[in-house]
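The values are calculated or read from the model by the stated rules, or taken from the named source; none is laboratory data. Quantities reported herein were computed from a predicted structural model and do not represent experimental measurements. So basically every Cβ, Gly included, is an ideal-geometry build from the backbone, and we count neighbours across all protein chains shown.
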Amino acid sequence: MKRDLKFKAVYPHPPALVWEALTNSDDIAKWLMPNDFLPTVGHEFTLRTDPAPGFDGIVKCKVLEVEEERRLSYTWKGGPIDTVLTLELERVDAGTILHVTQAGFTGLKAVLVSLILGAGSKKIYGKLLPALLDRKAGKSDGEADSTDCDKGGFWKVLAIVFAPVLGAKEGMMRTLFAALIAGIVLFVFNAASWLALPFHADSLSDFPGEPAFTEEFVAALPASGVYHYPGHTDDQEEMKARMARAKKGPVITMAVISKEGIDMMAPSRFVFSLLLDVAAALAAALVLRRVRGGFASRFGVVVLLGVFLAVAGNCQNWLWWTQPTGFAMAGVIDAVLGWAVAGTALAAIVRPAGDA
């Protein structure tokens, strides 16, 4: 899994002024972070901010390329990321175009970090840096809105938000993050399964003569609820008679009837379904915190949880509620494959208690 970040901004200033803001240590501190940068190939320097869970507050860098007023490149290593930041200047009639590329986000942790770094780039190169340039050019008498970068606010927020994937010691934060990701994965899988795979629709049958037959049938029932036929009674003799009727048929093992209308596609239903998936994923994540071993061991445990769900739930319903085999098997497939897919996220993120 790899990803690169790219950003472009146009500044109404000459390349010389933009270059100075990019290479002067004091200027860099105002739009990015405090540092000991020097525009010399091979120079090693650090960008510094307040430490936070999973992040020591230090970004280690080394200058790779320096082409005055044209190109600057240096490594950027901090937390789980080991990337190269390249800044290229292009002279245009309107001023200068700055092309920013941060390449080399490799692996799940780094890619997740790149997502929030991408959002932060809009503020850094779209607000903080241009505000500094305007001041340097004498176009603004006000102070730049650089407070966040001067104090490391943005980077500290980044570290706190992504502490679960940055290797933070707070194992529960990592576990909650894993549950959120796995819950979303499970929700998307189930939605795709019902929408794209044929066996769900093929295992359901409609009442004939809709809607007249169905409305007449439902109107005869006293209230909404779960109905079955021949049904149950405490009268032993009557129960024997009903069991005899059940052997002859027909039998209705479970019919869920709602006499009131239901918006089956209401957004609230989808939101609640997602929350249930996240809650289930959290339960699985808590189990994984007690599992020793690597990715394969954790993944195997989640798959076994899916098998457990299928056997204890879907197979038992197939047996006692006489569900058609195709309908029951669709549920089994969803349970096992769904948790296998979600299990990849859980196994990749969750760590045993004490090791996170």
TODO: Within the range 202-256, count every residue that is assigned to a loop (DSSP other than H, G, I, E, B) and in contact (Cβ under 8 Å) with a residue 40 or more places away in the chain.
DONE: 3
Task: Residue in the range 57-64 that is over 28 Å from Lys109 (Cβ atoms) and either more than 32 Å from the chain's Cα centre (by Cα) or of a type in the set (S, T, N, Q) (or both) present - done: no
Open item on the list: Every residue in the range 79-109 that is assigned to a strand (DSSP E or B) and at positive phi, please.
Closed with: Gly95, Gly104
Open item on the list: Which condition from (1) under 25 Å from the mean Cα position of the chain (by Cα); (2) in a helix (DSSP H, G or I); (3) closer than 24 Å to Ala353 by Cα; (4) not β-branched (Val, Ile, Thr) is the one that Arg292 breaks?
Closed with: (2)
Open item on the list: I need every pair where a residue in the range 129-144 that is under 11 Å from Pro12 (Cα atoms) and surrounded by 14 or more Cβ atoms within 10 Å (Cβ to Cβ) has its Cβ under 7 Å from the Cβ of a residue that is among the aromatic types (Phe, Trp, Tyr) and modelled with pLDDT of 90 or more, sequence separation at least 6 or different chains.
Closed with: Pro130/Tyr11; Leu133/Tyr11
Open item on the list: If I filter the range 250-265 for residues that are surrounded by 12 or more Cβ atoms within 10 Å (Cβ to Cβ), touching a Phe, Trp or Tyr at 6+ places or on another chain (Cβ under 9 Å) and not β-branched (Val, Ile, Thr), do I get at least one hit?
Closed with: yes
Task: Residues within the range 211-231 that are surrounded by fewer than 10 Cβ atoms within 10 Å (Cβ to Cβ) and under 16 Å from Trp321 (Cβ atoms), tallied - done: 1
Task: Residue in the range 287-298 that is in contact with a Phe, Trp or Tyr (Cβ under 8 Å, 6 or more places away or on another chain), of a type in the set (A, V, I, L, M) and surrounded by 13 or more Cβ atoms within 10 Å (Cβ to Cβ) present - done: no
Task: Lys77 vs. criteria touching a residue at least 60 places away in the same chain (Cβ under 8 Å) and either surrounded by 17 or more Cβ atoms within 10 Å (Cβ to Cβ) or touching a strand residue (DSSP E or B) at 6+ places or on another chain (Cβ under 7 Å) (or both) - done: no
